[in-house]
Amino acid sequence: MTDQTANTVAETFVNRFVCVFGAPIQICSDQGGCFNSATFKHVCKLLNINKKFATPFHPQTDWDTILPMAVAAYNSAVHQSHNMTPHEIIFGEKFDITSFNQPHVEPNYCYDDFVTELRRKLSYSQKIAAERLNIVKEKSKTYYDNSTNPVTFKVGDQVLLLNKSLPKIGESSKLLERRKGPYTVTKIVTPLTTTIKINNKEKTYHNNLLKLYKE
């Protein structure tokens with residue numbers, strides 16, 4: 001993109017994504033002005049797309065720059081649950097980036113046989129993967145339920161907000177207060193996000209950034 005204005009971002013989203021893959025049910029972005037603009041909101045409304053925003057200063061949603069290589073690494077890794085790679089399950093063959101440097105040899109087979117064999121491989125691998133993933137899913141859920149201790153708040157609670165402010169020039173980050181507040185909880189948005197009032201304005205944050213204030 002030549003710039004990140006609202007019109008450019010909206011046009012790129014429609015032309016490069018929607019026109020290729022179709023309109024998604026939901027998209028999640030940071031709270032940049034181009035995504036929060038009236039133009040982008042209108043595009044989402046027109047295409048019946050549910051627009052979600054990531055809470056500020058929450059790095060779990062800030063990894064788009066390494067996403068393609070991360071996806072490739074994930075898709076080419078053998079999963080312990082089913083002993084196959086995601087790429088193999090979807091395409092019926094192993095993903096090997098080193099093959100780009102190897103001479104291409106045209107296999108000797110009938111294409112009807114190839115299609116039949118490919119369907120068989122895909123059906124088998126997806127069946128095995130689904131069965132084993134269900135087992136791992138149950139184990140993971142049990143482990144998570146037994147180990148997690150979610151942070152929850154209620155309306156009216158006083159909370160402290162993790163200070164993500166950058167230090168001023170010549171100022172050490174060690175001298176900054178670790179948390180700011182207290183602020184009053186005004187709304188429980190989801191089990192993981194909470195709205196607080198800061199300087200008469202309501203802002204929503206991930207619960208990991210908040211801590212119950214105790215006098």
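The values are calculated or read from the model by the stated rules, or taken from the named source; none is laboratory data. These numbers were taken from a predicted model, which means no experiment stands behind them. In this analysis, Cβ positions are derived from the backbone assuming ideal geometry, glycine residues included, and neighbour counts consider all displayed protein chains.
Every residue, every condition in (1) at pLDDT below 70; (2) assigned by the TED database to the domain that holds Tyr205; (3) touching a helix residue (DSSP H, G or I) at 6+ places or on another chain (Cβ under 6 Å), yes or no:
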| residue | (1), (2), (3) |
| --- | --- |
| Ile97 | yes, no, no |
| Gln102 | yes, no, no |
| Val136 | no, no, no |
| Lys168 | yes, yes, no |
| Ser173 | yes, yes, no |
| Arg179 | no, yes, no |
| Thr184 | no, yes, no |
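Are any residues in region 10-41 surrounded by 15 or more Cβ atoms within 10 Å (Cβ to Cβ), within 16 Å of Ala54 (Cβ to Cβ) and of a type in the set (A, V, I, L, M, F, W, C), and if so, which ones?
Listed by number, the residues that qualify are Ile27, Cys34, Phe35, Phe40.
Could you tell me whether Ser125 is small (Gly, Ala, Ser), at pLDDT below 75, on the phi < 0 side of the Ramachandran plot and assigned to a helix (DSSP H, G or I)?
yes
Filter region 13-68 for residues that are of a type in the set (Ser, Thr, Tyr) and at pLDDT 80 or above; which is farthest from Asn163 (Cα to Cα)?
Thr39
Among the residues of region 11-51, count how many are in a helix (DSSP H, G or I) and over 25 Å from Lys203 (Cα atoms).
12
Only one of these conditions is not met by Asn149: (1) assigned to a loop (DSSP other than H, G, I, E, B); (2) modelled with pLDDT under 75; (3) surrounded by 12 or more Cβ atoms within 10 Å (Cβ to Cβ). Which number is it?
For Asn149, the exception is condition (3).
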